[in-house]
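Report on one structure; see the data block that follows.
The numbers here are math on the coordinates, done by the rules we state, and not lab data. Since the model is a prediction, treat every value here as computed from it, not as a measurement. We place every Cβ from the backbone using ideal geometry, glycine too, and count neighbours over all the protein chains shown.
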Amino acid sequence: VLAYALIRLVLVHVVLGERIQALEYFEQALPLHRESEDRLGGAVTLHNKGGIYNTIGEKNRALEYFEEALSIRREIGDRGGEAATLNNIGLLYSDLGEKGKALDYYAQALSIRREVGDRRGEAITLGNVGSVHDAVGEKDKALEYFEKTLYIHREVGNKASEAVTLSNI
């Protein structure tokens with residue numbers, strides 16, 4: 001329970017833009033998840049901690065946390081979480097300019113998201129694939145992925161993401 005209270009504090013600090021303070025609360029929450037054998041909570045915390053490190057530009061640390069989260073999610077069979085972490089690793093590699101690696105991780109995430117029926121997640125990953133193709137100058141391929149993304153966002157009623165995708169197109 002305390003670990004989840006700390007996570008709520010993390011969210012407050014992230015919204016306020018206080019990422020370093022958020023990381024400190026994650027540091028306090030991780031041992032609590034481990035002590036209570038809450039592997040899912042630990043994996044979520046590791047994943048989110050990796051996300052903050054990615055945001056502040058510490059890509060190697062972010063990757064370490066994402067990989068640890070991925071390992072736990074695979075061990076406990078958290079397929080949806082596994083897809084989310086794979087997608088975020090893809091984002092990290094895309095940011096680093098390693099577009100081929102990014103596409104490999106996105107392909108893994110996309111496969112799982114389709115397997116578990118996560119249409120919103122599928123659209124997010126398709127959009128990320130489109131962004132990679134756009135970044136490397138493959139405009140026709142990018143458009144193909146953005147159109148698939150748009151279709152799903154409309155299907156699930158995600159207006160905000162629909163707007164972003166229309167902008168990408």
Degrees separating the helix 159-168 axis from the principal Cα axis of the chain, which is the longest one: 50
From phi via Karplus (6.51, -1.76, 1.60), per-residue ³J(HN,Hα) for segment 76-83 in Hz, x at Gly/Pro: 8, x, 7, 5, x, x, 4, 4
Listed candidates (1) 17.4, 62; (2) 16.6, 51; (3) 15.2, 47 - label of the one calculated as Rg and Dmax of the Cα atoms in Å: (2)
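Would you mind getting me the FRET efficiency between Glu27 and Asp95? Use the beta-carbon distance for r and R0 = 25 Å, nearest 0.05.
0.55
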Chain lengthening between Ala107 and Val156 when straightened (0.36 nm per residue, less Cα-Cα): 15.5 nm
Cross-link pairs Lys99/Lys141; Lys101/Lys141; Lys139/Lys159 - those with Cα-Cα distance over 19 Å: Lys139/Lys159
Inter-centroid distance (Cα atoms) of segment 126-169 relative to segment 67-112, Å: 19
Per-residue HN-Hα couplings for segment 54-69 [Karplus 6.51, -1.76, 1.60; θ = phi - 60°; Hz; x = Gly/Pro]: 5, 4, 8, x, 8, 5, 5, 5, 4, 4, 4, 5, 4, 5, 5, 4
Dipole magnitude of the chain, debye to nearest 20 (Cβ charges: Lys/Arg +1, Asp/Glu -1, about Cα centre): 300
Approximate spin-label separation Lys141-Arg79, in nm, with each point projected 7 Å along Cα-to-Cβ: 2.8
Between 0 and 90°, nearest 10: helix 99-116 axis offset from the chain longest Cα axis: 80
